[in-house]
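*Asks:* Below: one structure in structure tokens.
The values are calculated or read from the model by the stated rules, or taken from the named source; none is laboratory data. What you see is a predicted model, and the numbers here were worked out from it, not measured in a lab. Cβ coordinates were reconstructed from backbone atoms using ideal geometry, including for glycine residues, and neighbour counts include every protein chain displayed. When the accessible area is computed, the model is the full protein with side chains, heavy atoms only, and any ligands, DNA or RNA have been set aside. Shrake-Rupley method; radii C 1.70, N 1.55, O 1.52, S 1.80 Å.
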Amino acid sequence: MSGADTVPVVLVTGALGAGKTTFINGLLAGDHGRALAAVVNDFGAINIDESLLSAGGRPVYGLKNGCICCSLQGDLLRTIRLVLSIGRPLHGIVIEASGVSDPRGILEALLDPVLGEAIRLDSIVAVVDAEEHDAGDPLWQAQLRLADFVVVSKAEAAGPDAVRALGERLAGMGKQVVFGTSADDGVPPEVLFSGLARDRHLPPRAGDPHLDDGNFVTCEWMAAAPVALDRFQSVIQQLAPALVRAKGLLSVRGRAEGSYVFQLVGRRASLQRAPRPVEGVEIVLIGRTGNFDAAAARALLERELGD
């Protein structure tokens, strides 16, 4: 297969809660005429991101704009081969790297010479939260090190001074091509899928420790019945100091009855109406090893919300 016939791939990296799913969702829904596939590599057994990117539960299924979505399930090469075999026109694949691991592992898989006959890696995008990021974190640095482009999210919440400081920090790292997330300053698809994939080589680890999800602890919890909003908020307030990220889908009973998407990043939390009906609760809590007690969190959830 010639370079012109290979399917272009965009790899999206970024820390937990940086906005990767929102960025990918915007790309899938964009008015660009491309049939895209999204491969989601979520952290934790409950794949909340896949739920947000889709409205179905099958391994491969249709999305708006003729897109498809597939869960990574730990085997990137198998998943990409599955996506390529669906027999539908495909103009690009977007892969979401886990927010808790060095994307180098995905890059290694994408550089597989056999897979290279069918795909090409056009670009790597790092999504950075303008307000909630740790520039001294080796994982954050590893994610930025690989990026061709940087997308700065949540700039309005951070304010102009914080955005300016982040821009200077990125420039100091050699990251000159920076975009926002609004319609006015977002990344044009023709930039991501440029057809000008550069000759990529794996960069040295620069002495980094082995970066994987061993740095984090996850707690997945599910319930079949709706929950009272005030009790849910009380539980989250108790758990929040030990969390770096939380996300979930929940059905609420009582005055605020309905289906919601819950998001927590650092000190920020939000609850928005879900794009589809939800039964019960599916939630993932993520904290740093040594700071977050997953067993205690699960016990609290069962005690307060499990009835």
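*Asks:* Determine, for each peptide in 144-151, 94-101, the mean count of other beta carbons within 10 angstrom over its residues, then list the peptides with the highest first.
*Replies:* For the peptides 144-151, 94-101, the packing ranking is 94-101, 144-151.
*Asks:* Net charge around G167, counting only other residues with Cβ within less than 12 Å of its Cβ (Lys, Arg = +1; Asp, Glu = -1)?
*Replies:* Residues close to G167 contribute a combined charge of +1.
*Asks:* Could you order the peptides 275-287, 77-89 from most to least packed, using the average number of other C-beta atoms within 10 Å per residue?
*Replies:* In descending order of packing, they fall as 275-287, 77-89.
*Asks:* With contacts defined as alpha carbon pairs under 8 Å and 6 or more residues apart, what's the relative contact order of segment 243-301 in percent?
*Replies:* The value is 37 percent.
*Asks:* Using protein chains only and a probe of 1.4 angstrom, how many square angstrom of E117 are accessible, to the nearest 10?
*Replies:* 110
*Asks:* Which order do R245, R34 take when ranked by solvent-accessible area (1.4 Å probe, heavy atoms of all protein chains), largest first?
*Replies:* These residues rank, largest area first, as R34, R245.
*Asks:* State to the nearest 20 debye the size of the charge dipole of segment 216-287 about its Cα centre, where the only charges are +1 on K and R beta carbons and -1 on D and E beta carbons.
*Replies:* Taking the Cα centre of segment 216-287 as origin, the dipole is about 260 debye.
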